[in-house]
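Laboratory data are not the source of any read-out in this text; all were calculated from the coordinates shown. Owing to the predicted nature of the structure, the values given are computational and were not obtained by experimental measurement. Cβ atoms come from the backbone with ideal geometry, glycine included; neighbour counts cover every protein chain shown.
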Amino acid sequence: MENVNVTIDGRSVSVPKTSTILEAAKQLGINIPTLCYMHLETTDFTCKPATCRVCVVEVEGRRNLCPACATPVMDNMVIKTNSMRALEARKAIVELMISDHPQDCLTCNKSTDCRLQELANELGIRRIHLSGTSKSVHPLMKGIAIERDMSKCIMCRRCEEMCNKVQKVGALSGVNRGFEAYVATAFEEELENTVCVGCGQCVAVCPTGALMETDDTAKVIRALKDPNKTVVFQTAPATRVAIGEEFGLEPGTIVTNKMVTALKRLGADYVFDTNFSADLTIMEEGTELIGRLTDYIENKKADLPILTSCCPGWINFMETQYPDQLHLPSTAKSPQGMFGAVAKNYFAEKLDIDRENMVVVSIMPCTAKKLEAVRDSLRVKDNPDVDYVLTTREAARLIKMANIDFNSLEDSNYDDPLGEGTGAAVIFGVTGGVLEAALRTVYETLEKKELKKLEFVPLRGFQGVKKATVTIAGIEVNAAVVHGLGNARTIMEEIKNGNKENLHVVEVMACPGGCIGGGGQPYLHGDDTILEKRTKAIYEIDHSERIRKSHENEAIQELYKNYYQEPNSELAHRDLHTHFKKQEKY
Amino acid sequence: MGKIKSFDELVQLQKEAKEKEVVHDIHILVCGGTGCKSQDSDMIVNNLREEIKNNNLEDRVKVVKTGCFGFCEKGPIVKFLPDNTFYIEVKPEDAKELITEHVINGEKVTRLLYRNQTTNEVVPDSKHMDFYKKQQRIALKNCGFINPGEIEEYIREDGYQALAKCLTEKSTKDVIDIVKESGLRGRGGAGFPTGLKWEIASRYDADVKYVVCNADEGDPGAFMDRSILEGDPHSVVEAMAICGYAIGASKGRVYIRAEYPLAIKRLNNAIMSAREYGLLGKHILGTDFNFDIEITFGAGAFVCGEETALIHSMEGSRGEPTTKPPFPAESGFFGKPTNVNNVETFANIPKIILNGAEWYKSIGTEKSAGTKVFALAGKINNVGLIEVPMGTTLREVIFDIGGGIKNGKKFKAVQTGGPSGGCLTEKDLDTPIDFDNLIAKGSMMGSGGMIVMDEDSCMPAVAKFYLEFTKEESCGKCTPCRIGTTRLLELLEMICEGKGTLEHLDELKNLSQVIKDTALCGLGQTAPNPILSTLDAFYDEYLAHVTDKKCPSKSCRKLLSYKIDANQCKGCTLCSRVCPNGAIIGKVKEAHMIDLMKCVKCGACMEKCKFGAISME
Amino acid sequence: MEETELAKEKYEQLEKFIDSLPEKEGELIKVLHKAQEIFGYLPKEVQHFVAKKLGVPAAKVYGVVTFYSFFNMEPKGEHTISVCMGTACYVRGAETVLEEFKSQLGIECNQTTKDGKFTLDALRCVGACGLAPVVMVDSKVYGRVTKEMVKDIIAEYEG
């Protein structure tokens, strides 16, 4: 690659010809503030619409200031990133934004996590010279999963980029023009009436308090306060490697047992693990996979490829975008759903309490799980299997509210019997994990011998679409793993157009990286290499587990023995399986 | 008519067209531009034709409905050839007299002739009119001369010969070189050298390339593109094909405002007849060159005049500009190399090819070759469309061609470049107009709108008017333009309402500079120009609004106060009855008084008073 | 009943137009122009229909419709009165004319009279600056309009 020489703030540097000023400055360790610019290393996605104009710098010989994020370097370019002219302009721009922004930092959910607030502080903005009208006042739109306060929208368009370019869902668009412009859904409908799948990737990248998960902490507090309620927590695999970040720990720190202690301190009656039901999912889904494969071999006809169904964002995507392909996903409920059913049927029975008096709270890395919890198939009459879903961020908030010093907590173990999970379950938290876990079990079931190497390396990593062929009991199983709904769309088009590569099983996770990159996880603040650290931690846990295959989970074996008899039994179908239907939405 | 298969056949057709023309000894040209059309020029054509028929003059006289003559102020215009007799403000009922007197009796109809504004003398023909004397028409050459609906009339005037010449005698490089050497700069606003643009576009290889004509004329007060498309659509069609040949594009697109129905109709018609004559489509003029044109409608967004926004709009998206690079020449319409020029730029091309680069370069100034079309409007006598060599001074344009200020008022300023431009004043009147001089003066060429203001125009209010426009038309993409223009407008509103302070003036200036410095596209970068230029030239006027709470031009309503002169008031009560807010008190036959607290300053009382007893200041 | 029949016919007309397009990519604005021509305006249902037929997200369609001033989501009156507020018209008193229309019709800009007769619009330059100030009623142009002419212009379309 050809290099060019540029001088930035008096220091010269040689950078590739295709670099932007921002990238060149970075090489010199010069940090130019940005706002709308977004670079996702692991997804290989960059968006530099150059709309916020916060990163403007002075380039010698150019009449106007240039946005560093989108201006390519040229040989012998002389750049001043912090000239008074640039500084004053930058300040004025942030002041303009604030002049059209509610000044309610005290009560804003995003306070201290807000990029605008941070910029105002960095630039020493202490007074707003400008005041005037605000863009039409937008009502707070409180969805089931996502809450939108568009009066706080600064038109960086990151959410739109995520929704349309990365996820290819198409629920959001810039609407109106000029001062009235903001990002909205079709016809400004509630998110629930649109093709939004609830993945929360928009929330994950929103720099202000415009997009937030809907806060359910108050409801959980009320349940914990009520002496008549038995409160049962479940924690998803991906939460244990991320929640520590909210307490200042290094990304990728494993805090499973501190998290259990924290929840107990909050007053949980039982703290269980979604890993338990992840193993259960493997039993159900694996059996279904074997069934369909056998059908295929014997009758040359089966609903293939079987698609995983544990990701609620992905299921919503299927129901809205590919309603004619709903025969493909596994009918198995997600681990969260299975847990709810087991807790409120099996476990409540065991405790001899009414299901109405049990409150199941999920701690999930995910906003779409809130939508999943209100599905009809996850309730008995009016009583839901999962009462409340808190994202990792909300859980951390609750812990902070309760004045619990998370980092100094002692370790505790999950309660029995729904607290036991295997290594196969914990990798549900990363892309490729569900399939890997399934293959471990399917292999041993069909081959009837021990699988020596548990790691299916070709299915790991951040590549958008991963494909591999695995031979099990003489059958060549063509498997694919995709993460990010944009990639899911690619693979669905492939399947819809004849499944030419003859795929048998496909794992889909809506969020880039899988659940560790879920829309409810601690904010990445622009550094998505954090996803790699969380992934590493997940694999570390798997590696250190005594049991690493779902079918070897003793509690699961117990559950089948005592209750469900065998996977895909009639009772299992009642509690652990679901059905999908077309969603007609805007 | 079959397809023209060679240059020779084209020349032959021209010959035939010329022969056809000389059959009639009198040609009556009736303006069919939007302005004249709205004043029944169609009816004039019908009546003239009927009179000709009644008098059995069909062999001698032909009526041609043409495009705009430019002299919109005095429309509808009817012109008699060969002696260029120029009739103004013609009404349908004048047809009989025109035919009887002018054609049959050989006498000009004096009452319909133009009179010199200063001497009041009758001017017999257009050659002696000041309005036309200083003009030089290249882009508008055929406007007002040919029937835009007849391709053969265009061919008669050397039409499509430039294209034929390019296809048969010149390499693509030759064509680009001619355009480069001619010094032609884009007429859409920024003045980028056209030849260079073509050269860059020619360098990129792709399976498809596009030539786009930007006909999204949105400058309020500019209507040259519309006039060209209405009056000489083939010149644009031909030029686009030439450009296609030069840069290696086979597809053309015209992006045109949906608000221009007549221009759309005529352009469509021109494209269809060009296809019919084999001047568009496959194997043009028997060569291997293929090129065709499609029309895309705009949907009402000024920002789509910016080329990247225009391309996004053509792609069916929101017309939001994107940062350059990449330039459209590299990645434009659907990611393909695309060359965008505006209508007037294209209209110059065939003439440049035919007459050579040297000829074109000899017109105008060193850095701004050729002519420029301006739309004169505002408080000027001769509102209309003119074309003058670059380097003509503002004084010549406004006073010689434009006939000076309406109602004998005093010239105050002229806004060039529409909402992106600035106000130029008395001291700038002798500046030769070209791209660079206008920018140096804090304004810009823009598309060529020229709005003249007289002493009654309040400059902060004028700036406010333009900001209302840019605020309304901002796409909302970048922060400085989205929020900044709104804040600027709010500051101006406060100033015009007497709520302004010196700090506001300071803020107005600072913010204007920041927006100019940081906005994403040309719309935002130039939006503060009307403020900066008026602040510069008319600071006193701003100051008067802020410190004295007075509007020197007496146009900011909130700063006015009305007063009844007790000596002149007869107590007729008319004013108190007309006052919408009950602010006037007084008994019958006694002097009245205005309650200033209640007065909404509508001026109704002053209008009604028969005795001149009410005044304002 | 008749109304739904009419709507059905309109949808069929639109569908036919969309199906006739050789290429669907990028034709959203063209289709919206056509849809507005057929329906007179672009209600949500029509936009959703266009979205489905073209295979683009409804949000994008809505984003486009709200961007361009040519598209309306509200039905227009029988006649549209557009007062040009271009610079040339403005400096020659278009504002007064607009105010007069407002007061005579009793509506603001972008509103329709209660009887559904008139919609009032302020328009950007129509390019007839020679006739400033200009008013357009539907596609008819009125030049050099004064405050006094307003009543007569309205009367032409009443009854």
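Want the number for A:Ser83 to A:Glu122: 0.36 nm per residue separation, take away the alpha-carbon distance, what's left?
Gain on extension, A:Ser83 to A:Glu122, equals 12.5 nm.
Is there a simple number for the mean count of other chain Cβ atoms within 10 Å of the Cβ of residues in B:258-264, and what is it?
3
Given chain A, what percent of its DSSP beta bridges are antiparallel, to the nearest 5?
Restricted to chain A, the bridges split so that about 55 percent are antiparallel.
Under 13 Å from a point placed 7 Å out from the Cα of B:Lys409 along the Cα-to-Cβ direction: which residues of the range B:450-482 have their backbone N that close?
B:452-459, B:462
Over chain A, calculate the relative contact order: mean separation of alpha carbon pairs under 8 Å at least 6 apart, over the residue count, as a percent.
16 percent
Along the range A:255-267, what does the Karplus equation 6.51 cos²θ - 1.76 cosθ + 1.60 (θ = phi - 60°) give for ³J(HN,Hα), rounded to whole Hz, x for Gly and Pro?
10, 3, 7, 5, 5, 4, 4, 4, 5, 5, 4, 5, x
Kirkwood Rh over alpha-carbon pairs of the range C:2-67, then Stokes-Einstein at 20 °C and 1.002 mPa s: what D in µm² s⁻¹, rounded to an integer?
This corresponds to a translational diffusion coefficient of 181 µm²/s.
Grab the beta carbon distance between A:Asn499 and B:Arg203, set R0 = 41 Å, and tell me the FRET efficiency rounded to 0.05.
Result of the calculation: an efficiency of 0.45.
Quick check: pseudo-label points 7 Å beyond the Cα along Cα→Cβ at A:Lys448 and A:Asp382, how many nm apart are they?
Label at A:Lys448, label at A:Asp382, 5.3 nm between them.
Say R0 is 25 Å: what FRET efficiency, to the nearest 0.05, do B:Leu113 and B:Asp42 get from their beta-carbon distance?
0.65
Under 29 Å Cα-Cα from A:Lys350, which lysines qualify once same-chain neighbours fewer than 8 residues away are excluded?
Correct list for A:Lys350: A:Lys219, A:Lys225, A:Lys229, A:Lys258, A:Lys264, A:Lys333, A:Lys369, A:Lys370, A:Lys381, A:Lys549, A:Lys561.
What relative contact order, as a whole-number percentage, does chain B give when Cα pairs under 8 Å and 6 or more residues apart are counted?
12 percent
Could you tell me which of rounded, prolate or oblate describes the range B:151-361, using a ≥ b ≥ c as the square roots of the eigenvalues of the alpha-carbon gyration tensor, with rounded for a/c under 1.5 and, failing that, prolate when a/b is larger than b/c and oblate otherwise?
rounded
Under a plain spin-label model, where a point goes 7 Å from the Cα along Cα-to-Cβ, how far apart in nm are C:Glu15 and A:Leu28?
Going from the C:Glu15 label point to the A:Leu28 one covers 6.3 nm.
Using a Förster distance of 56 angstrom, determine the FRET efficiency expected from the C-beta separation of A:Met1 and B:Lys282, and round it to 0.05.
0.85
In straight Cα distance, which lysines are under 23 Å from B:Lys173, not counting same-chain residues fewer than 8 positions off?
Those lysines meeting the cut-off are B:Lys165, B:Lys197, B:Lys209, B:Lys251, B:Lys282, B:Lys336, B:Lys351, B:Lys361, B:Lys367.
Compute the length gained on full extension between A:Lys536 and A:Asp226: take 0.36 nm times their separation in residues and subtract their Cα-Cα distance, giving the result in nm to one decimal.
Contour length minus the Cα-Cα distance gives 107.7 nm.
DSSP beta bridges in chain B, what fraction antiparallel, as a percent rounded to 5?
Of all bridge pairs located within chain B, approximately 55 percent are antiparallel.
Label points 7 Å out from Cα along the Cβ direction at B:Asp8 and B:Asn290: separation in nm?
2.7 nm
For A:Glu180 and A:Lys400 in one chain, what is 0.36 nm times their gap in residues minus the Cα-Cα distance, to one decimal in nm?
Residue separation times 0.36 nm, minus the Cα-Cα distance, leaves 75.5 nm.
Return a whole-number percent for the relative contact order of the range B:23-131, with Cα pairs under 8 Å and 6 or more residues apart as the contact set.
Answer for the range B:23-131 is 28 percent.
Show that you can apply the helix-only estimate: for the protein assembly as shown, add -39,500 (n - 2.57) for every DSSP H stretch of four or more residues, divide by all residues, and state [θ] at 222 nm to the nearest 500.
One gets -10000 deg cm²/dmol as the mean residue ellipticity at 222 nm.
Cα to Cα, under 18 Å, and not fewer than 8 places away if on the same chain: which lysines meet these conditions relative to B:Lys558?
The reachable lysines, counting only those whose Cα sits under 18 Å from B:Lys558, are B:Lys464, B:Lys499, B:Lys549, B:Lys550, B:Lys598, B:Lys601.
Among B:17-29, A:336-348, how do they line up by average Cβ neighbours within 10 Å per residue, starting with the highest?
Per-residue Cβ counts within 10 Å, averaged per peptide and sorted highest first, yield A:336-348, B:17-29.
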